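The values are calculated or read from the model by the stated rules, or taken from the named source; none is laboratory data. The shown structure was predicted, so the numbers you read here are calculated from the model rather than taken from an experiment. Neighbour counts run over all protein chains shown; Cβ positions are idealised from the backbone, glycine included. Only protein heavy atoms, including side chains, enter the accessible area calculation; ligands, DNA and RNA are left aside. Shrake-Rupley method; radii C 1.70, N 1.55, O 1.52, S 1.80 Å.
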Amino acid sequence: METPARVLLVDDDERFAELASTYLERSGDVTVVTETDAAAGLDRLDGGGIDCVVSDYEMPETDGLGFL
C-alpha cells in the first residue's frame, strides 16, 4: 500500500487554504498540510516529508515565486 503524498499548501487567506486543502484531499490520495505565511511554510519544509508545494502567488511577505 502506497503512502499518500504530502502536500504543503501555503496561502495567507485561511478560508481559501482550508477550502483548497479539502478539495485536494478529496481529489486524490494526498495529505495536505497548510501554513498561512511563507516563513511558516519554509519552517515546515525544513522539517522534511513534503512531496509537493502549492503556494499562493500574492502574500504579504513575499510572492509565491520568491517563496518557492
- Note on the structure: For 31-38, 43-50, ranked highest to lowest by mean beta-carbon neighbours within 10 Å, the order is 31-38, 43-50
- Message: Please list, in order along region 11-27, the HN-Hα scalar couplings obtained from phi with the Karplus expression 6.51 cos²θ - 1.76 cosθ + 1.60 (θ = phi - 60°), rounded to whole Hz, x for Gly and Pro.
- Response: 8, 6, 8, 4, 5, 5, 4, 5, 4, 5, 4, 4, 4, 4, 5, 6, 7
- Rounded to the nearest 5, what is the percent of antiparallel bridges among the DSSP beta bridges in the chain? 10
- Mean separation of Cα pairs under 8 Å and 6+ residues apart, divided by the residue count of the chain: what relative contact order is that in percent? 40
- Rank these by accessible area, largest first, 1.4 Å probe: TYR57, TYR23. TYR23, TYR57
- Message: Just checking my list (1) 8.0; (2) 6.9; (3) 4.4 against mean projected area of the Cα convex hull in nm² computed from this structure; which label fits?
- Response: (3)
- Note on the structure: Around LEU45 (Cβ within 12 Å, Cβ-to-Cβ, excluding LEU45; K/R +1, D/E -1) the net charge comes to -2
- Message: Just to confirm a number: summing +1 for Lys and Arg and -1 for Asp and Glu over residues other than ALA5 whose beta-carbon lies under 13 angstrom from that of ALA5, what do you get?
- Response: -3
- Note on the structure: Lys and Arg at +1, Asp and Glu at -1: neighbours of PHE67 with Cβ under 9 Å from its Cβ sum to -3
